[in-house]
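Shown next, in structure tokens, is the structure this report addresses.
The values are calculated or read from the model by the stated rules, or taken from the named source; none is laboratory data. Keep in mind that this is a model prediction, so the values were computed, not measured. A quick note on method: Cβ atoms are made from the backbone with ideal geometry, for glycine too, and the neighbour counts reach across all protein chains shown.
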């Protein structure tokens, strides 16, 4: 599939959908606390989604190669779970000191947005705080590299160079990456979190991207769990994930998934 350019009318719908997604995810984030189950967080997201009149981009989504559709509206990935943790198939109870990634996609009037945050469960240790802060700031650095005339590799390089400069012992996940979004949940271009400047497709006004650094405390290597969806760190150390959907304008990136 070729890289797509969205019209101003389509961007307006994506902007509205992005605000709706951000509102839901912030409410779910506020509900995170010790003793809360991942299934309860998914149920909250599902209720809010229904109330908004929008549709989940994840529920029943079946990516290429998957043996079954994804069974929830929310991905809840705890500690060493990098992404795509299934919240409603086992008793996943959050405990003090955990970190939890919340990832959700929303379809508003036919248009897709995608967003993720990683948050603490109660008090967390200093290394977990650093992991969250570094990953969140890496996303900001990637977004700052988004402008007309730059290339996808400039985003990738900005993310990688920042992480390596402040946390050289952290691993940048290479098997998973950001992507285009809008007409579908996953579109071209592929947006890695590592790379060289001035490489890859040229960024053009109207392109919509989901940028999402995934950073591990230890090795960059990840493994796929037997459930067919959950990726974990290969060494069992923790991972953080932040994601925003942005549209490229003539001036700079506009973040769509904000209230």
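Every residue in segment 198-234 that is free of Cβ contacts under 8 Å to residues at least 60 places away in the same chain and surrounded by 15 or more Cβ atoms within 10 Å (Cβ to Cβ), please.
If the condition is that a residue be free of Cβ contacts under 8 Å to residues at least 60 places away in the same chain and surrounded by 15 or more Cβ atoms within 10 Å (Cβ to Cβ), then 200, 203, 218, 220, 234 are the ones that fit.
What number of residues within segment 140-174 satisfy the criterion of being in contact with a helix residue (DSSP H, G or I) (Cβ under 7 Å, 6 or more places away or on another chain) and crowded, with 16+ Cβ neighbours inside 10 Å?
Adding up the residues that qualify gives 12.
Mind checking which residues of segment 37-60 are surrounded by 15 or more Cβ atoms within 10 Å (Cβ to Cβ) and out of contact with any helix residue (DSSP H, G or I) (no Cβ under 7 Å at 6 or more places or on another chain)? Quick ask: steps written out before the conclusion?
Residues of segment 37-60 that are surrounded by 15 or more Cβ atoms within 10 Å (Cβ to Cβ), as a first pass: 37-46, 48-49, 52, 54-59.
If the condition is that a residue be surrounded by 15 or more Cβ atoms within 10 Å (Cβ to Cβ) and out of contact with any helix residue (DSSP H, G or I) (no Cβ under 7 Å at 6 or more places or on another chain), then 37, 38, 39, 40, 42, 43, 46, 55, 57, 58, 59 are the ones that fit.
Counting only residues that are without any contact (Cβ under 8 Å) to a residue 24 or more places away in the chain and part of a helix (DSSP H, G or I), which one in segment 145-167 is nearest to the chain's Cα centre (by Cα)?
So the residue we want is 158.
Suppose the filter is in contact with a strand residue (DSSP E or B) (Cβ under 9 Å, 6 or more places away or on another chain) and either in a loop (DSSP other than H, G, I, E, B) or modelled with pLDDT of 95 or more (or both); does residue 244 pass it?
For residue 244, the condition - in contact with a strand residue (DSSP E or B) (Cβ under 9 Å, 6 or more places away or on another chain) and either in a loop (DSSP other than H, G, I, E, B) or modelled with pLDDT of 95 or more (or both) - is met.
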